[in-house]
Amino acid sequence: MASQYDTSQFRNGIKIELDGQPFIITYFQFVKPGKGTAFTRTKLKNMLNGSVIERTFRSGEKVDAADVEDRPMQFLYSDDEFFHFMNTETFAQVAIPTDALKDEAPFLTESLEVMVLFYKDRPVNIELPNFIDDVIEYCEPGVRGNTATGATKPATLACGAVVAVPLFVEQGERIRVDTRTNSYVSRVKE
């Protein structure tokens with residue numbers, strides 16, 4: 001019998017199966033109203049097509065764990081329809097439809113090591129490294145004296161992703177980005 005998760009075990013990144021489809025929990029919130037029974041509100045990303053749905057589960061409800069396996073692979077290239085990855089040990093190649101990787105696509109650069117998720121032995125999605133270091137290809141120059149706490153500006157990285165960075169960060173600098181939240185972490189010394 002497949003393993004199951006109770007709603008009390010829900011965490012971001014857990015892979016579950018609903019209606020014969022694999023999903024990743026991207027958001028969960030336990031809610032205990034003043035009256036009535038507690039429940040867990042979730043956002044789930046479909047691993048096959050990238051769509052996001054919202055679903056509410058009663059407290060204590062059980063869901064099946066998705067039959068997924070992670071395999072380390074290297075990103076090779078993309079074309080109009082697929083992203084292509086290679087197993088660095090066996091040199092076997094797999095392709096994942098571009099529609100399934102909308103969120104991850106901006107961070108994919110040649111030779112990037114990722115975890116490819118296989119659902120019932122079919123490649124369906126990837127997990128990026130939690131952090132990547134990249135060079136800012138373009139951002140507006142910082143204005144002297146413009147040091148408002150928490151103020152940010154958009155910066156385009158060499159890989160193509162756009163990230164909000166603090167005003168003091170300049171074009172050409174190497175920064176670390178958290179790929180899970182698409183957010184700036186720090187500058188990186190060369």
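The values are calculated or read from the model by the stated rules, or taken from the named source; none is laboratory data. Keep in mind the model is a prediction, meaning the values are calculated, not measured. Counting neighbours? That spans all protein chains shown, and the Cβs are built from the backbone with ideal geometry, glycine included.
Points worth noting:
- Qualifying positions in region 125-149 - modelled with pLDDT of 85 or more and among the aliphatic types (A, V, I, L, M): I126, L128, I132, V135, I136
- Meets criteria (surrounded by fewer than 13 Cβ atoms within 10 Å (Cβ to Cβ) and touching a strand residue (DSSP E or B) at 6+ places or on another chain (Cβ under 7 Å)) for Q74: no
Every residue, every condition in (1) in a loop (DSSP other than H, G, I, E, B); (2) more than 22 Å from L48 (Cβ to Cβ); (3) under 15 Å from the mean Cα position of the chain (by Cα); (4) in contact (Cβ under 8 Å) with a residue 24 or more places away in the chain, yes or no:
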| site | (1), (2), (3), (4) |
| --- | --- |
| D80 | yes, no, no, no |
| V94 | no, no, no, yes |
| D99 | no, no, yes, yes |
| N125 | no, no, yes, yes |
| D134 | no, yes, no, yes |
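- For region 17-30, the set of residues classified as surrounded by 12 or more Cβ atoms within 10 Å (Cβ to Cβ) and without any contact (Cβ under 8 Å) to a residue 40 or more places away in the chain consists of Q21, I25, T26, Y27, F28, F30, listed by residue number.
- In summary, T109 fulfils each of the numbered conditions (1) out of contact with any Cys (no Cβ under 9 Å at 6 or more places or on another chain); (2) of a type outside the set (K, R); (3) surrounded by fewer than 17 Cβ atoms within 10 Å (Cβ to Cβ) with the single exception of condition (1).
- Scope region 18-52; condition within 14 Å of the chain's Cα centre (by Cα) and in a strand (DSSP E or B); matching residues: F23, I24, I25, T26, Y27, K43, L44, K45, N46, V52
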